Amino acid sequence: MSPDQAAERIVSSAIASAVRRARLLAIAEAVGCGFAAAALSVLAGALVALGVAAWRWRAASRGSIIRTLERTGPDAGNLFVTADEIARDALTVKPLVRARVFADAASTVQRVDVGAVLPIAPVVRAALLAAAAWAVVGAAHLWRGPVSRTASTIAARSASPAAAATASRLQVRVAVQPPPYTGITQTTMVDPEQLQVIEGSVLLLSIDASASRVSVDHDGRVEALARGGDGRFADRLAVTRTGYVLVTTDEAARRAIPVVVSPDALPAVRLTAPGRDLVYAGGNPRIVFDARATDDYGLRSLVLRYTKVTGSGENYAFKEGEIPLTVTPASGRDWSGTASRSLAELDLADGDMLVYRAVAADARPGNGTATSDAFFIEMSKLGVAAGDAFTLPEQESKYALSQQMLIVKTERLHQRRAALAAGEFTEQALNLAVEQRMIRAEFVFMLGGEIDDEEVEAEQSVELQAGRLQNRGQRDLRAATIAMSGAQKLLTAADTAAALIAERAAVTALQRAFSRDRYILRAMATRSQLDPARRLTGALGDAAGWRRIVPDVPANRRTALLQDLLRGIADLMARADGFRERALVSAEEALRIDASSASLREAAAELQRAAAAS
């Protein structure tokens, strides 16, 4: 092959290679844009893909590629266009001129970077937009929503004078300080896409920006920063929940950083010995207690606490105490503790009961305690061999016992009222109200439900026909449940004095109902029989023509916001101007909707990558 033919082949191969690359990029970009638009609908995806393909394919023609090479080639001087016309016989020249043109074109085309002339950035941007759009779709099921808010917001911000300005310098350095008790060292990141921190961590922001004003938006709290002596802007943020940090400048530079907060889990506590309920008829056996506790960052204490119950009827007495454990730390995060006590040392007499549980606290400040399952030790002459399964007291006594325990807790809270802050006292009273509601709910469930008017129901029931005219058990039970409801309302209002009166009235009514001559559950007389003729009766015509009415779907603000965000992403592909600014605003909108959603955090990250690639 002669040198002239070799030069012609080099030029022809380079042009053909550039045309192929341009067409492949056009197809890839069309597929990416179509896939992104398909998040709205399949038809929209197909139309967008066809539109982008037609637009890009026109720009990938041989003539367009040659003109592109001509503009970007160093000192091309219309060389590629001339070589192409000679190759197509559109221009007739002498052999010497032909050889000279192709030799110069071959020398020039070898210095052209096709990757820079036909960059892959548009394809990457389309792929990132598709990933962001489908991440939004994955955040929730999309219903039909109102007119787009995000798209209009983006358009409004893009139309501002700052949006047209050249992007200013903005670098965000974040130092994460975990809580001191965790023992984790500080870490520093520059322009992070996402932060994973522990609850209670502190973020130290150091912002390098060319702008004169910088503001930081942390979960809706906006603060303007002043430039420090080192020329940087600084801020300190304490994070307690998942959210975001948004840094903006007066030169339209912005950076959104999702912050994912992992809560410090409570310790895991378990009693491995005895690990079951025990009942003893007598003797003085020795009981070995063994407790284990683990925590993700470290333990502070491990103890065995108990509640001793003595008495019966209305005269229950409660005593709380603590059995010291001999603690053996396997590590700072894994402890075990043992103790041994005899029944005499526990001071248990016949009829007494000891409820015990292990309690562990982690190293966090405040109340980071967790409790194991509780077990019983009971002294009863009716008991069998030690180690047999423990049987709970009868249901009736169980609920009287629970209500009496609630009275003890309320009395203690009422006595400490002066020493507690108003907010703390109200919170503890609300906790007792929840406990009262649970006792009442379980009690009502045990009775088989409530009757709107118990007295009317009793007068018309077969119990009177069966000779139980003197039965007042149902009325006492009704009075007990009403008193429990009143106590719950008073505890919710933090009125412990009045709540104690209602709680004691509930116990008094329960004790009356639990006497031997009362009937706790509604029962049918033994001589009453069911009438089979009354089974499944009624007019069948009443059932004809019935049709279930489907309720209207309630409005869902989150879904509407997600739809608007998706429309904003579609608007990014429809308009080429101000892409970077509008993509960053869309990323902010995704985090404002719900920063705790992994899908929306992923969408925000993809949008910021697309903005950086533009």
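The values are calculated or read from the model by the stated rules, or taken from the named source; none is laboratory data. Nothing here was measured: the structure is a model prediction, and the numbers come from that model. Cβ coordinates were reconstructed from backbone atoms using ideal geometry, including for glycine residues, and neighbour counts include every protein chain displayed. Side chains included, ligands, DNA and RNA excluded: accessible areas come from the protein's heavy atoms. Shrake-Rupley method; radii C 1.70, N 1.55, O 1.52, S 1.80 Å.
Structure above, values below:
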item	result
Inter-residue pairs, beta-carbon under 6 Å, first more than 14 Å from residue 405 (Cβ to Cβ) and in region 491-505, second open to solvent by less than 50 Å² (accessible area, probe 1.4 Å) and part of a loop (DSSP other than H, G, I, E, B), 6+ apart	none
Search result, residues across region 89-114 that are part of a helix (DSSP H, G or I) and of a type in the set (Gly, Ala, Ser)	99, 103, 105, 106, 107
Residue check, residue 584 buried (at least 23 other Cβ atoms within 10 Å of the Cβ) and either modelled with pLDDT under 65 or assigned to a helix (DSSP H, G or I) (or both)	yes
Members of region 242-272 found to be over 30 Å from residue 194 (Cα atoms) and in contact (Cβ under 8 Å) with a residue 40 or more places away in the chain, listed by number	269, 270, 271
Region 233-254: number of residues that are among the basic types (Lys, Arg) and at pLDDT below 90	2
Verdict on residue 86 being modelled with pLDDT under 75, among the aliphatic types (A, V, I, L, M), open to solvent by less than 50 Å² (accessible area, probe 1.4 Å) and in a helix (DSSP H, G or I)	no
Residue check for residue 88: under 30 Å from residue 35 (Cβ atoms) and basic (Lys, Arg)	no
Residue check for residue 323: among the aliphatic types (A, V, I, L, M), open to solvent by less than 70 Å² (accessible area, probe 1.4 Å) and over 30 Å from residue 214 (Cα atoms)	yes
Unmet criterion (only one of (1) open to solvent by 50 Å² or more (accessible area, probe 1.4 Å); (2) farther than 30 Å from residue 245 by Cα) for residue 297	(2)
Single residue of region 117-128 satisfying the filter (at pLDDT 75 or above and assigned to a helix (DSSP H, G or I)) that is farthest from residue 69 (Cα to Cα)	128
Meets criteria (modelled with pLDDT of 75 or more, surrounded by 15 or more Cβ atoms within 10 Å (Cβ to Cβ) and outside any helix (DSSP H, G or I)) for residue 509	no
Lone qualifier among 291, 256 - being within 25 Å of residue 601 (Cα to Cα), of a type outside the set (Phe, Trp, Tyr) and not in a loop (DSSP other than H, G, I, E, B)	256
Which numbered condition residue 45 fails, given (1) buried (at least 19 other Cβ atoms within 10 Å of the Cβ); (2) touching a residue at least 12 places away in the same chain (Cβ under 8 Å)	(2)
Members of region 350-375 found to be closer than 20 Å to residue 282 by Cβ and open to solvent by 50 Å² or more (accessible area, probe 1.4 Å), listed by number	350
Any hit, region 35-48, residues being at pLDDT 75 or above and of a type in the set (Val, Ile, Thr)	no
Pick from region 242-253, criterion part of a strand (DSSP E or B) and over 13 Å from residue 173 (Cβ atoms), ranking: nearest to the chain's Cα centre (by Cα)	243
Hey, residue 450 part of a helix (DSSP H, G or I), open to solvent by 50 Å² or more (accessible area, probe 1.4 Å) and at pLDDT below 75 or not	no
First in region 584-603 and free of Cβ contacts under 8 Å to residues at least 12 places away in the same chain, second anywhere and hydrophobic (A, V, I, L, M, F, W, C) and not in a helix (DSSP H, G or I), Cβ under 9 Å, 6 or more apart	598/260
Leading residue by the ranking (least open to solvent (accessible area, probe 1.4 Å)) among those in region 595-614 that are modelled with pLDDT under 85 and among the charged types (D, E, K, R)	606
Check on residue 334, at pLDDT 90 or above, touching a strand residue (DSSP E or B) at 6+ places or on another chain (Cβ under 6 Å) and under 30 Å from residue 424 (Cα atoms)	no
Residue within region 92-102 that is within 21 Å of residue 19 (Cα to Cα), open to solvent by 30 Å² or more (accessible area, probe 1.4 Å) and modelled with pLDDT of 75 or more present	no
Residue pairs meeting the criteria (Cβ under 9 Å; at least 6 apart or on separate chains; first under 20 Å from residue 304 (Cα atoms), in region 275-291; second of a type in the set (S, T, N, Q) and open to solvent by 70 Å² or more (accessible area, probe 1.4 Å))	277/391; 279/391
Any hit, region 306-314, residues being closer than 30 Å to residue 609 by Cβ and loosely packed, with under 14 Cβ neighbours inside 10 Å	no
Close pairs (7 angstrom Cβ cut-off, 6 or more residues apart or separate chains): more than 22 Å from residue 319 (Cβ to Cβ) and assigned to a helix (DSSP H, G or I) in region 411-438, open to solvent by less than 80 Å² (accessible area, probe 1.4 Å) and among the hydroxyl-bearing types (Ser, Thr, Tyr) anywhere	417/496; 429/496; 430/492; 433/492
